[in-house]
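Here the structure is laid out as structure tokens; the discussion comes afterwards.
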Amino acid sequence: MSATLGRLARTILIASLALGARDVAGQGIDPRGDWRTLSTTHFLVHFRAEHETQGRRAAADAERAWARLAAELTPPRGPVDLVVADNVDFSNGYANTFPSNRIVVYAQPPVDVSSLRFYDDWSALLITHELTHVFHLDRSRGVWRGLQRVFGRNPALFPNAYAPSWLTEGLAVYFESKITGAGRIVGSEHRLLARTAAAESRLPRLDQLSLESSVFPGGSQAYVHGSLVVDYVARHGPPDGMRRFVERTSGMLIPYRLNHASRLGFGMSFERGWQRWRDSLSAQLRADSSGSATRDASWRLLTREGWYAAYPRWQDARTIVYAASEGRAVAGEYRVTLGGARERLGRRNALSPNVLLAAGPFAGGTLFSQLEYADPFTVRGDLWVQTGRTIDFGAASRGQRRLTHGQRLSHPDARARDGAIVAVQNVAGTTRLVRVSADGSTVAALTLAAADTQWAEPRWSPDGALVAAVRLTRGGRSAVVVLDTTGLTRHVLSDERAVVSAPSWATDGRTIVWSSDRSGTPQPYAATLDDARPRRVDVTALGVTQPVPSPEGGRLAAMLLRADGLHLAVREIGRDTADDAALSAPAFAQTSTVGDVAAAPGATRAYRAWRSLLPRYWTPLGAQADGGGTLLGAATSGQDVLGRHSYDASLSMNVETRDLEGDVSYRLVRAARPYVDLFATQGWQYDTLAVQRSSGAREERPLDRRTRQVGASLVFARPRYRTSSSLSVGAFWETRAYRSTLPALAAFADSVIGASFPTLGVSGAWTNARRPLLSISPEDGVALSFSAQQRWQDGAGIASGASRRAVGVARAYRSLDLPGFSHHVIAVRAAGGVTDRRTATEFSAGGVSGSSAVLLPGVSVGDPARTFGARGFPAGAQRGLRAAAASVEYRAPLLLPARGLALLPAFLDRVSVSAFADAATAWCPADVDRAEQTLCRRTSSGAPNLVVSPDAPRWLTSVGAELNLDAALQYDQGYRLRVGAAAPVRETERASNRVTVYGTLGLSF
């Protein structure tokens, strides 16, 4: 490790005591509780004791998926860790090949994710998708495998990990459908999204597919279009084309030659395959446009924002409320009239039905559900009521009240006569319907919780005697089912192998309308309780979801998909709109390939962390040491599967002096609060000092300093969907030892400066700033942070004794609804710091503030975050025992290119501009004895007559502008690149130029 990197690492570790530098966001897995491990042929399956049933079924699904994938691709090395967790109320999973092959799946069926809702067995589908990633990304051959034999599972040595996400996710989606017979390739939504984009001539190129894209549907484009192109080239290539392709990319020295590998594997390049797919889709659209089945003109759009919208509900005959996340603003409830007048009614954490309460204790309010953190590991869904107009700024929405706590509820509906609620409740591995009292105090099951049956989207009938809901059963079947208030099934109106969703009652109390994609695209259907034969209500060229009849029965409201997202639309309906001919066999009527229900046998044992915690790789380090010499060493890290233990370690040796430098940090996570951080470091600094001999001559003598630090901190995190806060308290001990060819010099330094420096520190942070999907900056909120520490120092100098230090920073953001793809933002920042005359470390003012990224060990780009930065001035232009800074910026969107260059690993998403004014100063109070406190008498090395530490604030002030590029390197890894120019307007003699041009990474604040 270079001395510069070593100092950076030590600074970060020490700052974690005062600033909570380590990540304190919510964990992916809740490591608490009694975790068990089940060993199978290819997996180590980990689950909490109460989830053993789900764990054993997941183990059987995983072995079945392994057997089928092994017939397609080369199996990965070693056993795979599979974690089955139930700490969040949303469906997801992820896979890692570093530091070992690991998969995490959440035991939550994807009934609330329309693109994932066509499944035969949701667990098998999810595990197959994630296991495909392990098969694909773990594979390495040739030089890559040779390097792994030396350096282990170094994350830089997996060639397939350099592929773009549209390829890795597209390949996983391809196999999820090929292996299970269901999933997104077989389902309708991916093709519907592509068809809709093509109809408006907005089908993207491959270089436009990135997880960082700000064009609808955002990062999902990588899944949607990536899966379609992978499916196309695989179907039109040789039977073993996928294996040949993966084997080729696993050994390519330059992993970015995707078209070359595709030609060798499939017989055509990805770009050629995508062009052919686009052409075939365009031809199909031209053929469809000449038919009589296209009636989109009968629908009238009421919204123009796009992105995500859902759950329309008629408030009266001319007003509809719905939920939306429309890109420029965070999710919320909206109201729109048939004339198109739109109003935002309140903020939401996610999209949910908004139900007007006509009776009960909260009559006149709005019922909805949303997710919220219960602790840093756990996210739960609950019911809320909005009782009045909210103040939609900042963290809290006034007038919102929580009805339930930790009940795992979603998709509520309220009965008109008394406010009684029906909702979906998540339980481990499935969902059920429940009834909830109007005040939220009691929750009672309406249906049983069964592993192979899920329930979704319940709605009360107008008279409150019946409930319509969607029932999903193993084998990919969906049905519209009508239940009575005891949970007894009274009617089954539709039961088919398709995606059936969003049943809604007409005001007659006998007719139910829903959407089904049995024809290949979602269309509205209707049936009556007296005649259960479904009839198609309308036929559109694209798709209609969530249809809702108006109160008077003459209109239908629904969500229509367009290239820029979902829109709320209405159309007139009448008796002549029914379409009996539409009841042909469903497009998805193929036989399910789901296997028999199975649970893996075998005894379980208590989870042991050590096996997955052992280091699996090392990275060589080499750099120039301070004062000359070369540092050579190695670094490694590790984390156990559950995340209870994690560590980083490095060790380097100066080959000239044989001195050792290194650091090790460790985090223990066994409780929601606090996390325990420990660290230890050792470093060397090599200086020289002019010494006067008895003869009067002066000579340079070396004075080397060895610094050792050990410390511990407790980190308390409180993440929330609208706020985030943390508190860190810690202590560390620093010791110094000096070495010189002149022993008296080392003894003098030790006696004056001291050898022991214990420190206590505390820090905190809180923010409620929001980040909408298309934002260029934090918006509409504040961010506050502080740190304070006390440091003791022995020795005979002025710095001996106790020294105190405190820093506070406040940031505020306000959005402006002006033209552009996102809001304009006014951002303001103020900071202040104070320390006493005994301090051994002063504040500094000046320099560009940003963030840095490590490209290679010892090689980083960017600038550090500076508390008292001032653009246009060099870092450390002023130093002192007091410091202050303030900045104001105007940030405006400029362009939304959202594209790359061919298939090179770079992507430019958003371009914005900002104009700023900075002011910063650092000074030493006039009453400080500068002869004793050497920090206050430093002068500039370039201009020794200019005092760096003034005795009163002398503001470094500048103005300038920046061009901000939100881009992705390695296809999908987002960065903000800032290029700016700053001109000093006060204290200009402290600046090196009249105008300074600079480049850096990250937000300024």
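Each reported figure results from applying straightforward, stated rules to the coordinates on display, with no laboratory input. Here the structure is a predicted model, which is why all the values come from computation and not from measurement. Note that each Cβ is placed from the backbone with ideal geometry, even for glycine, and that neighbours are counted across all protein chains shown.
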Residues with amide H under 5 Å from that of LEU703, placed H, sequence gap 5 or more: ASP687, THR688, LEU689
Loop trypsin sites (Lys or Arg not before Pro), the range 158-262 (other Cβ atoms within 10 Å of the site Cβ: 16 or fewer; DSSP): ARG202, ARG205, ARG257
Identified option (computed Cα Rg over 2.2 N^0.38 Å; candidates (1) 1.18; (2) 1.04; (3) 0.91): (2)
Extreme residue, positive dipole direction of the chain, given options GLY1002, GLY364, SER519 (C-beta unit charges): GLY1002
Net +/- balance of residues flanking ARG670 in space, Cβ distance below 15 Å, scoring K and R +1, D and E -1: +1
Distant-in-sequence amide H partners of LEU566 (H built 1.01 Å from N, under 5 Å): TRP307, TYR308, ALA309
Within-13-Å neighbourhood charge of SER612 [Cβ basis; K, R +1; D, E -1]: +4
Pair-distance profile P(r), taking every C-alpha pair of the range 305-573, with 10 angstrom steps and integer %: 7, 30, 39, 21, 3, 0
Additional length obtainable on full extension of the chain from ALA317 to GLU52, 0.36 nm per residue less Cα span: 90.3 nm
Centre separation in Å (Cα based) which lies between the range 748-773 and the range 106-146: 42 Å
Ordering of 40-47, 958-965 by packing [mean C-beta count within 10 Å, highest first]: 40-47, 958-965
Spherically averaged projected area in nm², based on the convex hull that wraps the Cα atoms of the range 107-211: 8.4 nm²
Normalised convex hull volume, the range 778-1005, alpha-carbon set, Å³ per residue: 146 Å³
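Stick to the Cα atoms of the range 155-290, pair each with every other, and give me the Kirkwood hydrodynamic radius in Å at one decimal.
One over the average 1/r among Cα pairs gives 15.3 Å for the range 155-290.
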Net charge of neighbours whose Cβ lies under 11 Å from the Cβ of GLY900, counting Lys and Arg as +1 and Asp and Glu as -1: -2
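For a footprinting-style exposure proxy, rank LEU383, LEU147, LEU542, LEU131 by other Cβ within 10 Å, fewest first.
The order, fewest Cβ neighbours first, is LEU147, LEU542, LEU383, LEU131.
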Per-residue Cβ neighbour rank within 10 angstrom, fewest leading, CYS924, CYS936: CYS936, CYS924
Centroid-to-centroid separation of the range 445-497 and the range 596-626 [C-alpha atoms, Å]: 43 Å
Sequence of LEU448, LEU1003 once ranked by neighbouring C-beta atoms within 10 Å, starting from the fewest: LEU448, LEU1003
Euclidean distance between Cα centres, the range 954-980 to the range 784-850, Å: 21 Å
Sorted peptide list for 107-120, 898-911, criterion being average Cβ within 10 angstrom, highest first: 107-120, 898-911
Neighbour-limited loop hits for GluC sites (Glu not before Pro), the range 633-741 (at most 15 other Cβ within 10 Å; DSSP other than H, G, I, E, B): GLU656
The chain, relative contact order [Cα under 8 Å, separation at least 6], %: 10 percent
Built amide H within the under 5 Å cut-off of GLN315, gap 5+: ILE320, VAL321
Label-point gap, in nm, between ARG718 and LEU689 - each point 7 angstrom along Cα→Cβ: 4.8 nm
